[in-house]
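The values are calculated or read from the model by the stated rules, or taken from the named source; none is laboratory data. As the structure is a prediction and not an experimental result, all values here were calculated from the model. A quick note on method: Cβ atoms are made from the backbone with ideal geometry, for glycine too, and the neighbour counts reach across all protein chains shown. Accessible surface areas use protein heavy atoms only, side chains included; no ligands, DNA or RNA. Shrake-Rupley method; radii C 1.70, N 1.55, O 1.52, S 1.80 Å.
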Amino acid sequence: MKYLFTCLVFVMLLCCGQSIAQPGARVLHLQEVIDLAQQQSAAAKQADVNQESSYWQWRSFKSDYRPQLSLNGTLPDFSRSYMPVIQPDGTTDFKPVTINSSDVGLTLRQLISPTGGSIFVTSLMQRFDDFDRDITRYNGNPAIVGIEQPLFAYNPFAWAKKVEPLRYQESQRQFVEDKETIAVQATQLYFDLLLAQVNQRIATQNLANNDTLYHIAGEKYKLGRLSKNDLLQMQLAVLNARLAQDQASLDEQNATLALKTFVGLKDNEALQLITPDSIPETIVSSELALAEAKKNRKEAVSFKRRLLEAESMVAKAKGDNGLNMSVFATFGLSNSADNFSDVYTRPENLQRARIGFNMPLMDWGRQRSNYKVADLNRQLVQHTVAQEEATFEQAVLSQANQYITLKRRLETTAAADAIAQERYNITKSTFIVGRISITELNIALAEKDQARRAYIAALSQFWSAHYSLRQLTLFDFEKQQALVVEVER
């Protein structure tokens, strides 16, 4: 009777051990963990800061091409000193001089990006005070219109207009890519914890099973139906199962800590993860994945930007080592008077024009060397970009093919898991009626656990591949739409 009672307890432990749930644990799905990571993790905050920084860099660039209004001046410039003064007899005498000069100007300047020059409108006012002689004079330019234009020189503003929009577009796509990278990392940590929880439950069940088997073996040993060697082997199995349970519990704690740290959960609440059995039914083709990756990823923009920057350096080498000329011309009004208001009364015309040039006559090959270095660097960038583009295409195609393969493998492991579970249920029912031995039941249990682990591992690989493919293409294959929404602010 004691033997039968022990067997009954063993069967009850097997039945109850299949669904051990942690009381009061927070239940989380995969998508919930990803959403939390993309909203509040340290990596998400870093991505937000990087995007905000690139936005203000873009704003700073655009402001360079808009009218610039500036106020400058000197208030005051006071001086008290002795100045040499030539006397009527030809001698020099030092006279005390106490003066002050002040000036203020208001300038409106507009860049001409296609030519690299600028036009400006300015208004100036100067005041001079001689305190020793009690003299005050005003000199002003009520309005001056001018232009500054370099000729045959490198124009950084025209090149920046080509490069900077690509850089900002690249940063927008980088932000979406960073979010998808977070999803990939969160998925890996999610399944690390899920597998650790599965292993912990299996270890707990195995410990209970081995402990019950050990007690049954003890009863058989007392009845003379089991050898001492077999009894010691069962006792060793219990000790090994207890060690396995301790290690599984430690692994679960470490996996929980890693997931919480990454996601940004700071509470001590236990987590209970749900197995994401429902997978997308979307059919992914490698051709579509490659086309969307070329259209959406930052690499396509980055390749173009880097080539333009290399061309810009070649243009700079040409412009900085040849004939450089600049034109400066102004036209305006000017006047001086004893009173401030008289400066604006019938002012005289003011004109100024200047053409300067710089032409090297002998540089011992410096111009040619600088141009050759820039040209070779452009060729190097072209070859590097071509290689990186081929590598990028290969990575996208490989990931797409891996996704398709893992999806088929997941179907196989899911079927194996279901078969192993059904076989275990049949074996358990057969064991209850006493038609098979405990060894056969343990074999079925071990195969069920192994099939479950394989299924969880296949799920982990599939979902990691799913989000990795989204990261590589920035395309949602379920909704058939791009993840990149570029909005210029």
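Give the residue that is farthest from L469 (Cα to Cα), with candidates limited to residues of the range 131-188 that are in contact with a helix residue (DSSP H, G or I) (Cβ under 9 Å, 6 or more places away or on another chain) and among the β-branched types (V, I, T).
Step by step, filter the range 131-188, then rank; the result is V163.
What residue, of N296, N321, N339, N335, is among the polar types (S, T, N, Q) and open to solvent by 60 Å² or more (accessible area, probe 1.4 Å)?
N339
With the requirement that a residue be loosely packed, with under 14 Cβ neighbours inside 10 Å and either modelled with pLDDT of 95 or more or among the polar types (S, T, N, Q) (or both), what does the range 366-375 give you?
S369, the sole residue that qualifies.
I need every pair where a residue in the range 314-332 that is touching a residue at least 60 places away in the same chain (Cβ under 8 Å) and closer than 30 Å to L124 by Cα has its Cβ under 6 Å from the Cβ of a residue that is acidic (D, E) and surrounded by 17 or more Cβ atoms within 10 Å (Cβ to Cβ), sequence separation at least 6 or different chains.
These pairs meet every condition: F328/E148.
Given the conditions (1) part of a strand (DSSP E or B); (2) closer than 19 Å to Q126 by Cβ; (3) not aromatic (F, W, Y), which single one is not true for V343?
Evaluating V343 over (1) part of a strand (DSSP E or B); (2) closer than 19 Å to Q126 by Cβ; (3) not aromatic (F, W, Y) leaves (1) as the failure.
Looking at the range 222-254 only, could you name the residues that are more than 60 Å from the chain's Cα centre (by Cα) and either among the basic types (K, R) or crowded, with 16+ Cβ neighbours inside 10 Å (or both)?
Passing the criteria: K222, R225, L226, K228.
When the range 47-68 is examined, which residues are found to be polar (S, T, N, Q) and in contact (Cβ under 8 Å) with a residue 40 or more places away in the chain?
N50, Q51, S54, Q57, Q68 - these are the residues of the range 47-68 that are polar (S, T, N, Q) and in contact (Cβ under 8 Å) with a residue 40 or more places away in the chain.
Would you be able to say whether some residue in the range 433-451 is farther than 21 Å from I202 by Cβ, among the β-branched types (V, I, T) and open to solvent by 80 Å² or more (accessible area, probe 1.4 Å)?
Checked the range 433-451: at least one residue is farther than 21 Å from I202 by Cβ, among the β-branched types (V, I, T) and open to solvent by 80 Å² or more (accessible area, probe 1.4 Å).
Out of N100, N50, report the one residue that is closer than 26 Å to Q185 by Cα and either modelled with pLDDT of 90 or more or of a type in the set (A, V, I, L, M) (or both).
N50
Mind checking which residues of the range 198-237 are at pLDDT 80 or above, over 30 Å from A458 (Cα atoms) and of a type in the set (A, V, I, L, M)?
Hits for the range 198-237 are L223, L231, L232, L236.
Does S118 satisfy the condition of being modelled with pLDDT of 90 or more, buried (at least 16 other Cβ atoms within 10 Å of the Cβ), closer than 30 Å to F328 by Cα and of a type in the set (S, T, N, Q)?
Yes, satisfied.
Among the residues of the range 342-356, what is the count of those that are touching a strand residue (DSSP E or B) at 6+ places or on another chain (Cβ under 6 Å) and open to solvent by less than 100 Å² (accessible area, probe 1.4 Å)?
5
Is there a residue in the range 255-266 that is loosely packed, with under 13 Cβ neighbours inside 10 Å and within 23 Å of V184 (Cα to Cα)?
Yes, that holds for at least one residue.
Which pairs have Cβ atoms under 7 Å, sit 6 or more apart or on different chains, and link a residue in the range 211-233 that is of a type in the set (K, R) to one that is surrounded by 12 or more Cβ atoms within 10 Å (Cβ to Cβ)?
K220/L226
Here is a list of conditions, (1) surrounded by 15 or more Cβ atoms within 10 Å (Cβ to Cβ); (2) in contact with a Gly (Cβ under 9 Å, 6 or more places away or on another chain); (3) not polar (S, T, N, Q), and M359 meets all of them except one; can you say which number that is?
(1)
What do you reckon, is S41 surrounded by 11 or more Cβ atoms within 10 Å (Cβ to Cβ), within 21 Å of the chain's Cα centre (by Cα), in contact (Cβ under 8 Å) with a residue 40 or more places away in the chain and closer than 30 Å to L189 by Cβ?
Yes, satisfied.
Within the range 172-190, can you find the residues that are under 22 Å from T256 (Cα atoms) and either of a type in the set (A, V, I, L, M, F, W, C) or open to solvent by less than 30 Å² (accessible area, probe 1.4 Å) (or both)?
E180, I182, A183, V184, A186, T187, L189, Y190
Quick check on the range 59-80. Is at least one of its residues buried (at least 16 other Cβ atoms within 10 Å of the Cβ) and in contact with a helix residue (DSSP H, G or I) (Cβ under 8 Å, 6 or more places away or on another chain)?
Yes, that holds for at least one residue.
If N199 passes every condition in (1) buried (at least 20 other Cβ atoms within 10 Å of the Cβ); (2) over 30 Å from S464 (Cβ atoms); (3) in contact (Cβ under 8 Å) with a residue 60 or more places away in the chain; (4) in contact with an Asp or Glu (Cβ under 9 Å, 6 or more places away or on another chain) but one, which one does it miss?
For N199, the exception is condition (2).
For the range 82-108, give me the residue count where each residue is under 29 Å from G140 (Cα atoms) and open to solvent by 40 Å² or more (accessible area, probe 1.4 Å).
Adding up the residues that qualify gives 12.
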